[in-house]
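Participant: Quick one: structure below, then a few questions.
The values are calculated or read from the model by the stated rules, or taken from the named source; none is laboratory data. Everything numeric in this text was worked out from a predicted model, so none of it was measured. Glycine gets a Cβ as well: all are built from the backbone with ideal geometry, and neighbour counts include every protein chain shown.
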Amino acid sequence: MTSSQTPIGSGFGAHTTADEVLDGIDLTGTTALVTGGYSGIGLETTRALAKAGARVVVPARRPDQARDQLAGIDRTEVDELDLGDLDSVAAFADRLVGSGRTLDVVIDSAGIMATPETRGGPGWEAQFATNHLGHFALVNRLWPVIEPGGARVVSVSSTGHLRSGIRWDDVDFEGGDYDKWEAYGQAKTANALFALHLDALGRDVGVRAFSLHPGGILTPLQRHLPVEEQVEMGWVNPDGTPVDPSMFKTPEQGAATQVWAATSSRLDGMGGVYLEDCDVAEPHVPDGPRRGVAAHATDPEQAARLWTLSARRTGVDAFA
């Protein structure tokens, strides 16, 4: 089956839950890694995978909080990882590689959204650095345990990618024009382009990669958005309750597409595609509804260019 942005008729949809995706699938003996796997849709992803029999490694910037959230979920383990700190990424990867285990699934689910202008390390814009560069370095450093089992790598993007392509002339908004939503959009485009190029590099050894939009879900991802702003956007009432509950998926529904990407046999032989609502997404229609994938997020030349930029910034490239 060829990789293209054409729906395949998965039988699932926007209201499918992660448990429904995994109904009848036995993941016993497999090991998954889920960043952000102790909050929001990441927590539901961890819970569903573990329920199906997988061992789930959950790296966390706040390990104690992660252990509290995962209490009672069998076959889970927590280790420390701060995606915004490349030394922390390297230390975590060294520990996991040194354990001698092989990964069958990697889901890059952690992220930050619409943050105030924040910079880390050598002055990198925080959303690009955390959402993209941290995951780029993590996957490259974990390649020795990803490649042997022909793992699937799932990069959680968002319909937010429609807001911006990669700002090649000023990735870090050093020109003084910082816009939190444009920065988020750039980072989500980077998540899609990362999966596209990783798939091109890894497919010959059986590693396939996917990106996706999980759907709109009210989770701690909105922590940087004041309620007043969410009211203005028409998301919630002043008391924080949804204006229209049908606008949002539940966390269980929000986890479904990334779980489907990680486990579905319908995707065997495919890779490098962007998914939504548990199916391959169609191309976005400019000026149309906010769904589908934009051309700037499926461009192989931009994906290769981003890989080169990311390898230079992080100092790691498993394919060099």
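Participant: Which of the residues belonging to the stretch 95-139 are of a type in the set (D, E, K, R), touching a strand residue (DSSP E or B) at 6+ places or on another chain (Cβ under 7 Å) and either modelled with pLDDT of 95 or more or part of a loop (DSSP other than H, G, I, E, B) (or both)? Before the answer, list the steps.
Facilitator: As a first pass, look at the stretch 95-139 and keep what is of a type in the set (D, E, K, R): 95, 101, 104, 108, 117, 119, 125.
With touching a strand residue (DSSP E or B) at 6+ places or on another chain (Cβ under 7 Å) added as a condition, the list becomes 95, 101, 104, 108, 119, 125.
Once the filter is applied, which keeps residues that are of a type in the set (D, E, K, R), touching a strand residue (DSSP E or B) at 6+ places or on another chain (Cβ under 7 Å) and either modelled with pLDDT of 95 or more or part of a loop (DSSP other than H, G, I, E, B) (or both), the stretch 95-139 yields R95, R101, D104, D108, E125.
Participant: Something else about it: What's the number of the only condition in (1) among the hydrophobic types (A, V, I, L, M, F, W, C); (2) more than 15 Å from R208 (Cα to Cα); (3) surrounded by fewer than 21 Cβ atoms within 10 Å (Cβ to Cβ) that M270 fails to meet?
Facilitator: Status for M270: all satisfied but (2).
Participant: Could you check T45 against (1) at pLDDT 95 or above; (2) touching a Leu at 6+ places or on another chain (Cβ under 7 Å); (3) closer than 18 Å to I112 by Cα and say which number it fails?
Facilitator: (2)
Participant: If a residue must be touching a helix residue (DSSP H, G or I) at 6+ places or on another chain (Cβ under 7 Å) and closer than 25 Å to G24 by Cβ, how many such residues does the stretch 71-94 contain?
Facilitator: Qualifying residue count, the stretch 71-94: 4.
Participant: Any idea how many residues of the stretch 13-37 are part of a loop (DSSP other than H, G, I, E, B) and either more than 20 Å from the chain's Cα centre (by Cα) or among the hydroxyl-bearing types (S, T, Y) (or both)? Give the steps one after another, and end with the answer.
Facilitator: Kept after step one, since they are part of a loop (DSSP other than H, G, I, E, B), are these residues of the stretch 13-37: 13-17, 22-30, 36-37.
The next check asks that each one be either more than 20 Å from the chain's Cα centre (by Cα) or among the hydroxyl-bearing types (S, T, Y) (or both); those that pass are 16-17, 23-30.
Qualifying residue count, the stretch 13-37: 10.
Participant: Now a separate question. Can you list residue pairs whose Cβ atoms sit under 6 Å apart, with the first residue in the stretch 57-68 being assigned to a loop (DSSP other than H, G, I, E, B) and the second being surrounded by fewer than 14 Cβ atoms within 10 Å (Cβ to Cβ) and of a type outside the set (D, E)? Count only pairs 6 or more apart in sequence or on different chains.
Facilitator: If the second residue must be surrounded by fewer than 14 Cβ atoms within 10 Å (Cβ to Cβ) and of a type outside the set (D, E), no pairs are left.
Participant: What number of residues within the stretch 103-147 satisfy the criterion of being over 23 Å from Y38 (Cβ atoms) and over 16 Å from the mean Cα position of the chain (by Cα)?
Facilitator: Residues in the stretch 103-147 being over 23 Å from Y38 (Cβ atoms) and over 16 Å from the mean Cα position of the chain (by Cα): 11 in total.
Participant: Sticking with this structure for a sec: Filter the stretch 179-198 for residues that are touching a residue at least 40 places away in the same chain (Cβ under 8 Å) and either over 18 Å from G134 (Cα atoms) or not in a helix (DSSP H, G or I) (or both) and give the result.
Facilitator: Taking the stretch 179-198 first, the residues touching a residue at least 40 places away in the same chain (Cβ under 8 Å) are 180-181, 183-184, 186-198.
Scanning the stretch 179-198 gives K180, W181.
Participant: Scan the stretch 140-152 and report the pairs whose first residue is closer than 18 Å to D317 by Cβ and modelled with pLDDT of 95 or more and whose second residue is in a helix (DSSP H, G or I) and among the charged types (D, E, K, R), with Cβ atoms within less than 9 Å and a gap of 6+ or a chain change.
Facilitator: R141/D94
Participant: Return the residues of the stretch 48-68 that are under 23 Å from T257 (Cβ atoms) and either among the aromatic types (F, W, Y) or over 20 Å from the mean Cα position of the chain (by Cα) (or both); say none if nothing qualifies. Walk me through how you get there before you give the answer.
Facilitator: Our first condition is that a residue be under 23 Å from T257 (Cβ atoms); within the stretch 48-68, this holds for 48-60, 66.
Correct list: K51, A52, G53.
Participant: What do you reckon, is F92 over 20 Å from L196 (Cβ atoms) and either among the acidic types (D, E) or in a helix (DSSP H, G or I) (or both)?
Facilitator: On the way: over 20 Å from L196 (Cβ atoms): yes; either among the acidic types (D, E) or in a helix (DSSP H, G or I) (or both): yes.
When the stated conditions are applied, F92 passes them.
Participant: Next question, about the same structure. Tally time: how many residues in the stretch 115-130 are buried (at least 22 other Cβ atoms within 10 Å of the Cβ) and farther than 23 Å from A320 by Cβ? Break it down into steps so the answer makes sense when it comes.
Facilitator: As a first pass, look at the stretch 115-130 and keep what is buried (at least 22 other Cβ atoms within 10 Å of the Cβ): 125, 127-130.
In the following step, the residues that additionally are farther than 23 Å from A320 by Cβ were identified as 125, 127, 130.
The number of residues fulfilling the criteria is 3.
Participant: Ok, one more. Any chance the stretch 262-279 includes a residue that's among the hydrophobic types (A, V, I, L, M, F, W, C), at pLDDT below 95 and in a helix (DSSP H, G or I)? Steps first, please.
Facilitator: Residues of the stretch 262-279 that are among the hydrophobic types (A, V, I, L, M, F, W, C), as a first pass: 262, 267, 270, 273, 275, 278.
Imposing the further condition that a residue be at pLDDT below 95 reduces the set to none.
Among the residues of the stretch 262-279, not one is among the hydrophobic types (A, V, I, L, M, F, W, C), at pLDDT below 95 and in a helix (DSSP H, G or I), which makes the answer no.
Participant: May I pose another question? Quick check on this structure: which one of G202, G176 is part of a loop (DSSP other than H, G, I, E, B), over 16 Å from the mean Cα position of the chain (by Cα) and not acidic (D, E)?
Facilitator: Details: G202 fails: part of a loop (DSSP other than H, G, I, E, B).
It is G176.
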